[in-house]
């Protein structure tokens, strides 16, 4: 198929392998669980009462930390969407706004931990021998809560910029500092030694994150960024974060009910539950390997879904370059298991072509998975780099005189081959497409995003219609 004259093309930027993104995040989880196990072990060496006090205080902190997820869960998504749309200024504004929000969330949760330590522990039925050790320990952990809020925010922004390895390095430094301090101080000072080590390690993390923001991201927080709240910048973060936080809060509350039941049985029972949980966490580490193996496909789905919902990219419609050539934002498989969002030059439309702005793009768990894994059987035209997707729906914004389609029509696009040297297999996962008018199918506005199912509906129709006999009118 002739593509016609090829416009000047922009080079496709190299994309990091998704395993290189997922693996450091998996290591962070492993380290977090490992440090928790070691902390419990060091507390248990003091006594079972200290082990129970340590576990009970950590349960309360775990509940309070869920509040951070109201902000934290949405930071990465909103910042990543802004960066993917070429809106770095918006991404930076969100980062600064969430830093201020983290201050207030951190202060509130730290104050609750410090001032409400005894009531919170009594809600968990802290035994009489455990409460006198758990309450002051929880109060001493309060400063680390505020520092953790800042660190969680800054780490989320770093990950959204794909600085996952630098973020992992900070996490490793924090954990090493915590363990070194705890090993040195806990034999002398008991649980207060752990609390002091925790705050010191979080302060180190904050200093390292600030340095990385400045050196890697070019972000220098101003004084008012640490306390100012920006409703406009925080609104999309909260829309994403609140549902996720609600789910976590529900799970955590259910878990704390079981802790409270065990608390009625005494300090020894609480300590035993804590030790059993640590063993369970170690067993769960094996599950991370399975999770990481699926991370690539899940990340691919997440990136493509940025194109599924039109609101995500409504502010950055594709444009014509200085030479008049159009370009588009597309999902590009550079090679198996290497995915990126990239701007690609579009083939100039001819007299029989239409230009379609895509509103919805479906994801095939069969075809796209084969393309992602590299197991797609070879056929003419197969190769990388490629743009996947054959289930797209959008609106015609330009139509040639011989296209047979009117501007403004809603159409189904079964793929496109309009990206110059980047193969269109099947080419539908892009923000704008150039495609022959004869290939698109007008669809009803009432179908909305369901129109992407047209290809599947056609398969079902042909399956029941048989050899030229129509059963479906």
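Nothing in this text is a laboratory measurement; each read-out follows from the coordinates by a stated rule. Keep in mind it's a predicted model, so treat the numbers as computed, not measured. Please note: Cβ atoms are built from the backbone with ideal geometry, for glycine as well, and neighbour counts cover all protein chains shown.
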Task: Gyration tensor (alpha-carbon) shape descriptor, region 97-241, a/c threshold 1.5 - done: oblate
Open item on the list: If you average the alpha carbon positions of region 129-195 and of region 38-75, how far apart do those two centres end up, in angstrom?
Closed with: 10
Task: Kirkwood-based shape ratio for region 29-147, expressed as Rg/Rh from alpha carbons - done: 1.11
Open item on the list: I need the per residue convex hull volume for region 75-133, using only the alpha carbons, in cubic angstrom as a whole number.
Closed with: 91
- [ ] Kindly put 213, 150, 104 in sequence by how many other C-beta atoms sit within 10 Å of each C-beta, fewest to most.
- [x] 104, 213, 150
TODO: Measure off 7 Å from each Cα along the Cα-to-Cβ vector at residue 235 and residue 215, then give the distance between these two points in nanometres to one decimal.
DONE: 3.8
- [ ] Note the full-extension length gain between residue 357 and residue 457 as 0.36 nm times their separation in residues minus their Cα-Cα distance, in nm to one decimal.
- [x] 33.7 nm
Open item on the list: Given N residues in region 325-434, what is its alpha carbon radius of gyration divided by 2.2 N^0.38 Å?
Closed with: 1.04
